[in-house]
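**Q** Mind looking over this structure? Questions follow.
Read-outs: derived from the displayed coordinates by stated rules, not from any lab. Source: prediction; values computed, not measured. When we count neighbours, we look across all protein chains shown, and the Cβ atoms used for this are built from the backbone with ideal geometry, even at glycine.
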Amino acid sequence: MPVTVIVGAQWGDEGKGRVVDYFAAQADIVARFNGGDNAGHTVIAEGHKLALHLVPSGILYPHVTCLIGAGTVVNPLTLLREMETLRDLGLDVSPAHLKLSAAAHLVLPTHQALDGASETRRGYEAIGTTKRGIGPTYADKAQRVGLRAGQMREPNVFAEAAGALVDAHNERLVHLYGLKAQPAGQIVSQLHQAAEALAPYLVDGAALVGRALAEGKHVIAEGAQGTLLDLNLGTYPFVTSSSPISGGALMGLGVGPKDVVRVVGIAKAYTTRVGAGPFPTELEDALGEHIREVGHEFGTTTGRPRRCGWLDAVILRYAAQVNGLTDFAVSKLDILSDLPTLRLAVAYELDGERIERFPAEWGAEVLARCRPIYEELPGWQEDISHARHRKDLPAAAQAYITRIEELTGVPASFISVGPEREAMILP
Ligand code: GDP
Ligand code: IMO
Ligand code: MG
């Protein structure tokens with residue numbers, strides 16, 4: 001049995017956590033392949049409401065091995081706090097159930113301070129990062145000066161290396177940004193303790209996944225963020241510093257493309273974005289406010305209000321291509337109930353010309369000039385949260401989904417109509 005990759009098709013928060021939780025029932029391994037605790041994945045099942053940041057969304061299933069993969073960046077201090085919260089809920093977060101790849105890079109408190117400092121310096125051109133230190137950590141990784149999780153195996157040696165990196169970060173905080181140094185001694189002692197606690201969790205993640213695949217086991221690759229936040233193919237510079245697309249799963253877990261049989265793109269039935277950057281179908285009016293309220297569109301990680309807008313098929317077509325999507329899972333369809341008409345962007349107008357293609361490579365300035373060309377579809381007024389088959393949906397809701405499939409060429413095999421595990425329409 002092979003790899004199923006689950007990615008966000010928009011700007012994140014599409015409902016990846018709940019879809020991964022659904023797939024995890026049939027999986028042996030659920031592995032996060034990118035990002036860090038900038039992610040916030042919600043799983044509502046078995047009487048729990050989990051807000052997961054680093055721990056994979058398969059954690060509710062005792063039979064599933066949860067791996068934090070090589071492509072991720074892990075803040076050891078927040079990981080331990082998250083594990084504590086889960087342990088308090090009675091969940092198993094022992095090394096038998098949860099594993100951390102030795103090649104994952106570590107986020108230090110000074111990475112967070114640098115993230116904040118860099119955002120402040122950018123002023124009104126700030127990216128609107130989650131200030132979790134994600135960018136500075138991937139930058140250190142690319143500079144080849146970062147710390148890898150595997151170094152925690154020897155806590156004393158690790159503490160020395162961490163101290164040197166903290167000192168280097170403090171140099172920048174003080175001399176480049178004119179800020180106060182972070183308390184190095186305290187940080188190193190916290191990291192030393194964290195290393196002792198996390199050492200038993202360390203594994204060779206690619207070896208673990210490779211062995212599982214050789215034994216015919218089923219691996220779910222859980223993406224964080226979304227396609228348009230991809231460092232290479234997203235709306236640069238308003239992106240994250242990793243690869244949330246399906247290609248990121250290959251690099252971030254150490255599997256080959258032939259192992260992947262299914263790539264599911266999660267698409268919210270409308271569009272949201274947190275942080276700065278262009279957003280062609282954004283609704284900066286009462287309707288946008290209505291969607292934010294009804295859809296509870298406030299960040300799982302930062303609590304920031306999410307910007308809301310109409311569904312954008314130009315984005316979904318792009319996501320289908322760059323991820324090689326085999327299926328869409330359309331989430332939060334229930335939030336659109338009660339609207340008289342729905343709008344769906346089918347193309348853009350750019351400088352007087354119609355374009356069908358998402359212009360990601362031309363950068364944020366070009367995207368900011370794009371005006372959506374909408375199609376209008378009738379809405380529906382019924383409560384659809386109890387629908388479990390496509391035919392249970394009102395005709396207008398069925399037509400909306402069919403139109404998404406026509407515009408993208410990808411089947412919407414899964415449709416979620418509520419946040420709970422059961423609230424899902426299956427193929
Ligand atoms: P993720 O980051 O992609 O995992 O998504 P988040 O967890 O950040 O945000 C998705 C939010 O929508 C969470 O609060 C989910 O509980 C909720 N949610 C997911 N699917 C549905 C759905 O179909 N209907 C409703 N009403 N809420 C949903
Ligand atoms: P999940 O996995 C939505 C956004 C931030 C900012 C940009 C860069 O829950 O979908 P970063 O801290 O990564 O350097 O911030 O990326 N961002 C997310 N937006 N969902 C997420 O994760 C996000 N993770 C980062 O808001 O615009
Ligand atoms: Mg989220």
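**Q** When a/c is below 1.5 the answer is rounded, else prolate if a/b is larger than b/c, else oblate, so apply that to the stretch 107-229 with a ≥ b ≥ c taken from the square roots of the Cα gyration tensor eigenvalues.
**A** oblate
**Q** For the stretch 267-425, just run the numbers: alpha carbon Rg, then divide by 2.2 N^0.38 Å, N being how many residues it has.
**A** Compared with the compact-globule rule of thumb, the stretch 267-425 sits at 1.02.
**Q** Say a site is exposed when it is one of the trypsin sites (Lys or Arg not before Pro), sits in a DSSP loop, and has at most 10 other Cβ atoms within 10 Å; what is then the longest site-free stretch of the chain?
**A** The reported range is 181-427.
**Q** Sticking with this one: What's the Kirkwood radius of the chain in Å, using all Cα pairs?
**A** Here the Kirkwood hydrodynamic radius works out to 22.0 Å.
**Q** With charges set only on the Cβ (+1 for Lys and Arg, -1 for Asp and Glu), what does the dipole of the stretch 267-425 come to about its Cα centre, in debye to the nearest 20?
**A** 340
**Q** Mind checking the angle between helix 155-171 and the chain's longest principal axis? C-alpha axes, 0 to 90 degrees, to the nearest 10.
**A** 70
**Q** Sticking with this one: So for the stretch 267-425, taking the charge dipole from beta-carbon charges (+1 Lys/Arg, -1 Asp/Glu), which of GLY275, ALA347, TYR400 sits furthest toward the positive end?
**A** Positive-end residue among those listed: GLY275.
**Q** Also, I was wondering about something else. How do LEU176, LEU100, LEU377 line up, fewest other C-beta atoms within 10 Å first?
**A** Fewest to most other Cβ atoms nearby, the residues stand as LEU176, LEU377, LEU100.
**Q** Relative to the longest principal axis of the chain, what angle (0 to 90°, nearest 10) does the C-alpha long axis of helix 313-323 take?
**A** Its long axis makes an angle of about 40 degrees.
**Q** Another question about this same structure. To the nearest 10 degrees, how steep is helix 184-198 against the longest Cα principal axis of the chain, on a 0 to 90 scale?
**A** 70
**Q** Can you compute the charge dipole magnitude of the chain about its Cα centre, using +1 on each Lys and Arg Cβ and -1 on each Asp and Glu Cβ, nothing else charged? Give it in debye, rounded to the nearest 20.
**A** Dipole size: approximately 680 debye.
**Q** Rounding to the nearest 20 debye, state how big the charge dipole of the stretch 113-199 is about its Cα centre with +1 on each Lys and Arg Cβ and -1 on each Asp and Glu Cβ.
**A** Rounded to the nearest 20 debye, it is 220 debye.
**Q** A further question follows. Please report VAL274, VAL264 as a ranked list, fewest other C-beta atoms within 10 angstrom at the top and most at the bottom.
**A** The fewest-first ordering by Cβ neighbours comes to VAL274, VAL264.
**Q** Right, here's the next one. List the GluC sites (Glu not before Pro) within the stretch 263-337 that DSSP assigns to loop and that have no more than 14 neighbouring Cβ atoms inside 10 Å.
**A** Here the GluC sites (Glu not before Pro) that fit, given the DSSP loop and packing criteria, are GLU284.
**Q** Now for a separate question. Express as a percent, rounded to the nearest 5, the fraction of DSSP beta bridges in the chain (both residues included) that run antiparallel.
**A** Rounded to the nearest five, the antiparallel share is 40 percent.
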